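S.K.: Have a look at this one before I ask anything.
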Amino acid sequence: MTTENSKKIDSRMDDAELDRRLGALTRTAEPVPANWAAIERRIGQRRWRHLMPAGMAAAAVLTGVALVVSQIAPAPETAGTVARVMRAEVQAMRASAPETPAVSEVNSPTALMAAWQENQAAIDQLEQALDRDPDNRLLLDFLTEARIRQAELARFLVRSDGREQPPNDERSINL
Amino acid sequence: MKGMQTRVAKASPAGVVERALSETARPALDSNPDAALVKAARRGDCAAFSALYNAHSGWLLAVLWRLAGGDKGLAEDWLQDAFVLAWNRLDQLREPAAFRGWLKRLAVNVALSEKRRGTLTRVDVDAEASAPEPPWPCADLDLERAIARLPDRARQVLVLFHLSDLGHAEIAALMGIEPGTSKAQLHRARTLLKEMLG
């Protein structure tokens with residue numbers, strides 16, 4: 001080892017000294033307040049962005065409900081929101097119910113058969129609607145009422161002179 | 001840890017810590033003040049996140065300033081990016097009490113990924129002229145400037161090992177290098193520092 005090299009090594013800081021100085025370095029700084037203000041602004045924007053997909057998802061669900069409802073019966077043109085469409089649909093369905101003659105008021109077997117077929121068509125439509133919207137309690141209520149009516153119609157048909165028998169439809173029996 | 005609890009309580013906005021505490025969260029706060037704040041921030045409590053920022057931005061800015069080679073503006077950009085990312089990814093933090101380590105890895109990733117993209121080119125071009133001044137009262141300016149003048153890779157390893165308390169395995173994972181390379185870079189950094197300061 002030359003004298004020059006030896007001097008160079010001697011003049012170097014040793015590892016312990018380097019470790020001491022590294023260990024003594026300041027570990028914290030004080031960020032300027034503008035940093036937090038910028039972060040707050042950015043996360044504020046992100047928060048709204050996070051809400052947007054949720055809002056869009058909710059809108060999609062409502063649109064889907066509206067479509068299902070509109071397939072059951074056309075929504076009034078004046079209905080501006082899905083809630084109004086739903087209310088209008090409920091009112092329309094309830095308003096139409098009294099127009100259906102009571103089973104006891106249907107006298108002739110032909111009229112009974114026609115009522116039975118009409119009611120069966122209603123049951124089919126309600127079942128299709130329930131397939132699209134299984135949680136719709138209102139549809140379920142109407143289906144129950146229609147099946148009860150169907151059972152009553154079948155009973156009156158059997159009591160009539162027997163010239164006409166209702167079709168053997170399991171759905172009208174299985175209440 | 002005691003010091004940290006005191007600092008958080010003082011630094012946080014009035015009532016934030018208390019609001020962040022439900023009866024069930026209180027034991028968690030006793031052991032780690034971050035846990036309750038993280039839980040509150042996850043629910044969208046911006047004040048709780050502000051308390052986390054107050055508790056952690058100081059040490060993180062020091063790390064980032066050194067990783068940035070003394071570029072204060074860049075370090076502050078990284079600091080903001082890291083906290084915005086942390087806010088967006090809070091749900092991914094499995095253990096709220098581990099917020100500090102999680103945030104550190106997130107911030108280091110932000111810094112290293114930008115370095116990897118080559119957006120910072122000023123280091124070593126004119127080291128003497130740049131002579132960075134730390135944004136804190138500095139007891140050893142020569143050492144700070146020597147660290148800032150180190151080559152990128154060597155400085156990153158030295159800062160992460162000595163000033164961020166990370167091990168070689170974790171540094172290697174963060175930097176995408178072998179642990180042996182991390183050790184070699186640390187040795188190189190220390191040798192260069194001893195030469196510059198000797």
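The values are calculated or read from the model by the stated rules, or taken from the named source; none is laboratory data. No experiment lies behind these values; they were computed from the predicted model shown. A quick note on method: Cβ atoms are made from the backbone with ideal geometry, for glycine too, and the neighbour counts reach across all protein chains shown. Accessible surface is based on the protein model in full, side chains and every heavy atom, while ligands, DNA and RNA are left aside. Shrake-Rupley method; radii C 1.70, N 1.55, O 1.52, S 1.80 Å.
S.K.: For segment B:167-198, which residues satisfy the criterion of being assigned to a loop (DSSP other than H, G, I, E, B) and either in contact with a Pro (Cβ under 6 Å, 6 or more places away or on another chain) or within 14 Å of chain A (Cβ to nearest Cβ) (or both)? Show your work before the answer.
M.R.: Residues of segment B:167-198 assigned to a loop (DSSP other than H, G, I, E, B): B:167, B:176-178, B:198.
Matches in segment B:167-198: B:Gly198 only.
S.K.: Under 6 Å between Cβ atoms, at least 6 apart or on separate chains: pull out the pairs that start in segment A:110-124 with a residue that is over 12 Å from A:Leu157 (Cβ atoms) and end on any residue that is in a helix (DSSP H, G or I) and among the hydrophobic types (A, V, I, L, M, F, W, C).
M.R.: A:Ala122/A:Ala146; A:Ile123/A:Ala146
S.K.: Looking for something assigned to a helix (DSSP H, G or I) and at pLDDT below 75 - is there at least one such residue anywhere in segment A:143-164? Even if it seems obvious, please write down each step before you answer.
M.R.: First, pick out the residues of segment A:143-164 that are assigned to a helix (DSSP H, G or I): A:143-159.
Then drop every residue that is not at pLDDT below 75, which leaves A:159.
There is at least one residue in segment A:143-164 that is assigned to a helix (DSSP H, G or I) and at pLDDT below 75.
S.K.: Check off (1) away from chain A (no Cβ under 14 Å); (2) more than 30 Å from B:Gly180 (Cα to Cα) for B:Cys138 and give me the number that stays unchecked.
M.R.: With respect to (1) away from chain A (no Cβ under 14 Å); (2) more than 30 Å from B:Gly180 (Cα to Cα), B:Cys138 is out only on (1).
S.K.: Quick one: is B:Gln92 without any contact (Cβ under 8 Å) to a residue 24 or more places away in the chain and more than 11 Å from chain A (Cβ to nearest Cβ)?
M.R.: Details: without any contact (Cβ under 8 Å) to a residue 24 or more places away in the chain: yes; more than 11 Å from chain A (Cβ to nearest Cβ): yes.
Taking the combined requirement at face value, the residue satisfies it.
S.K.: Follow-up question, since we're still on this one. For segment B:148-166, which residues satisfy the criterion of being away from chain A (no Cβ under 11 Å) and crowded, with 21+ Cβ neighbours inside 10 Å? Give the derivation first.
M.R.: Let us first name the residues in segment B:148-166 that are away from chain A (no Cβ under 11 Å), namely B:148-157, B:160, B:166.
Passing the criteria: B:Ala148, B:Leu150, B:Arg155, B:Gln156, B:Val157, B:Leu160, B:Leu166.
S.K.: Related question: Where residues in segment B:118-135 are more than 9 Å from chain A (Cβ to nearest Cβ) and surrounded by 14 or more Cβ atoms within 10 Å (Cβ to Cβ), which of them is modelled with the highest pLDDT? Break it down stepwise before answering.
M.R.: Here is the first cut: in segment B:118-135, the ones more than 9 Å from chain A (Cβ to nearest Cβ) are B:118-133.
Filter again for surrounded by 14 or more Cβ atoms within 10 Å (Cβ to Cβ), leaving B:120, B:123-124, B:127, B:130, B:132.
Details: B:Leu120: 49, B:Val123: 47, B:Asp124: 46, B:Ala127: 43, B:Ser130: 61, B:Pro132: 82.
Looking at residues that are more than 9 Å from chain A (Cβ to nearest Cβ) and surrounded by 14 or more Cβ atoms within 10 Å (Cβ to Cβ), I get B:Pro132.
S.K.: Please work out which one of (1) part of a helix (DSSP H, G or I); (2) at pLDDT below 90 is the condition B:Ala14 fails and give its number.
M.R.: Just one mismatch for B:Ala14, condition (1).
S.K.: Now for a separate question. What pairs can you find where one residue is in segment B:59-75 and at the interface with chain A (Cβ under 9 Å from one of its Cβ atoms), the other is β-branched (Val, Ile, Thr) and open to solvent by 20 Å² or more (accessible area, probe 1.4 Å), and their Cβ atoms are less than 8 Å apart, with a gap of 6+ or different chains?
M.R.: Short answer, once both residue conditions are applied: B:Trp59/A:Thr28; B:Leu61/A:Thr28; B:Ala62/A:Thr26; B:Ala62/A:Thr28.
S.K.: Can you name every residue in segment B:64-93 that is crowded, with 19+ Cβ neighbours inside 10 Å, assigned to a loop (DSSP other than H, G, I, E, B) and not aliphatic (A, V, I, L, M)?
M.R.: B:Gly69, B:Gly70, B:Asp71
S.K.: Of all residues being outside any helix (DSSP H, G or I) and touching a helix residue (DSSP H, G or I) at 6+ places or on another chain (Cβ under 8 Å) in segment B:38-58, which is nearest to the other protein chains (Cβ to nearest Cβ)? Just the residue, please.
M.R.: Keep residues of segment B:38-58 that are outside any helix (DSSP H, G or I), which gives B:43-45.
Subset that is touching a helix residue (DSSP H, G or I) at 6+ places or on another chain (Cβ under 8 Å): B:44-45.
On the way: B:Gly44: 7, B:Asp45: 11 Å.
So the residue we want is B:Gly44.
S.K.: Could you grab me the full set of residues in segment A:10-42 that are assigned to a helix (DSSP H, G or I), facing chain B (nearest Cβ under 7 Å) and of a type in the set (Gly, Ala, Ser)?
M.R.: A:Ser11, A:Ala38
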